[in-house]
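Engineer: Let me begin by handing over the structure; questions about it come next.
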Amino acid sequence: MKFVEKYDKKGNFEMTHVIHEIPPVYDDRSKILILGSFPSVKSREGQFFYHHKQNRFWKVLAAVFEDTLPETIEEKKEFLLRHNIAIWDVIASCDIEGSSDSSIKNAVPNDFSFILKTAPIRQIYTNGGTAYKLYHKYCEKVTGFEAVKLPSTSPANASYSLERLISQWNQISNT
């Protein structure tokens, strides 16, 4: 992950400009595209999506598809492809404070065209409101797909229990 720290005129830390370097996971059978906003610090360190142990993404998907919880990066990739899921993030680079979606500035979107040309995507889902807003702002007109906003699996979304997340995310199993 490439990044550049930015400081104000007094030398105080402001933001970090980060370039997303985690490649998307997809193949020519992917029917669902799940988009996050931008990788968290833990995901950037671990070089894979939803790498933070407290993020409920993998638990939710395992429950929705009634499958074993994947643990390793390889198991997670196999899980996604087995269930015809593609995964990536809306943003290719941005200024961000830590993992805070609300701090994202100067966002540059990813180009999804190669995924959409390769895979028979039927539906795009976003993991949370920020991903949805960013997708709508930067990508929807380009892709021609309306996204469905799902509640964030982030631990910051404490108003959603695991059971409630599973209930809301269950719609992806019908795609």
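Engineer: Subtract the Cα-Cα distance of Asn157 and Thr72 from 0.36 nm times their separation in residues, and report this length gain in nm to one decimal.
Structural biologist: Additional length available on full extension: 28.2 nm.
Engineer: So what is the relative contact order of the chain, in percent, for Cα pairs below 8 Å that sit 6 or more residues apart?
Structural biologist: Once divided by the residue count of the chain, the mean separation gives 27 percent.
Engineer: Further question on the same structure: Expressed as an acute angle from 0 to 90° and rounded to the nearest 10, what is the orientation of the C-alpha long axis of helix 73-82 relative to the principal long axis of the chain?
Structural biologist: In the chain, helix 73-82 runs at an angle near 50 degrees to the longest axis.
Engineer: What number do you get for region 122-175 when its Cα radius of gyration is normalised by 2.2 N^0.38 Å, N = residues?
Structural biologist: So region 122-175 has a normalised radius of gyration of 1.19.
Engineer: Could you give the size of the charge dipole of region 29-114 about its Cα centre, using +1 on the Cβ of each K and R and -1 on the Cβ of each D and E, expressed in debye and rounded to the nearest 20?
Structural biologist: Using only the charged Cβ atoms, the result is roughly 140 debye.
Engineer: Which order do Phe38, Phe79, Phe65 fall in if you start with the one that has the fewest other Cβ atoms within 10 Å?
Structural biologist: Values: Phe38 24, Phe79 19, Phe65 15.
The most exposed by this proxy come first: Phe65, Phe79, Phe38.
Engineer: Does anyone have the angle between helix 129-138 and the longest principal axis of the chain? Alpha-carbon axes, 0 to 90°, nearest 10?
Structural biologist: So the helix axis and the longest Cα principal axis differ by about 80 degrees.
Engineer: To continue, here is another question. Fewest Cβ neighbours within 10 Å first, please rank Cys94, Cys139 accordingly.
Structural biologist: In increasing order of surrounding Cβ atoms, one gets Cys139, Cys94.
Engineer: Report the longest stretch of the chain that contains none of the trypsin sites (Lys or Arg not before Pro) sitting in a DSSP loop with at most 11 other Cβ atoms within 10 Å. The partial results should precede the final answer.
Structural biologist: Details: sites that count: Lys9, Lys10, Lys53.
With a cap of 11 other Cβ atoms within 10 Å, the longest stretch comes to 54-175.
Engineer: Summing -39500 (n - 2.57) over the DSSP H runs of n ≥ 4 in the chain and dividing by its residue number, what mean residue ellipticity at 222 nm do you reach, to the nearest 500 deg cm²/dmol? Can you show the working numbers first?
Structural biologist: Working: 7 runs with 52 residues, N = 175.
Computed mean residue ellipticity for the chain: -7500 deg cm²/dmol.
Engineer: A further question follows. Over the chain, consider all pairs of different Cα atoms and compute the Kirkwood hydrodynamic radius from their mean reciprocal separation; express it in Å, one decimal.
Structural biologist: Kirkwood hydrodynamic radius for the chain: 16.5 Å.
Engineer: A further question on this structure: At a temperature of 37 °C and a viscosity of 0.692 mPa s, determine how fast region 80-147 diffuses translationally according to Stokes-Einstein, using the Kirkwood radius over alpha-carbon pairs as Rh; express D in µm²/s, rounded to the nearest whole number.
Structural biologist: Estimated diffusion coefficient is 255 µm²/s.
Since every read-out is calculated from the coordinates, none of them should be taken as a lab result. What you see is a predicted model; the values in this text were computed from it and never measured. Note: ideal-geometry Cβ built from the backbone for every residue, glycine included; neighbour counts use all protein chains shown.
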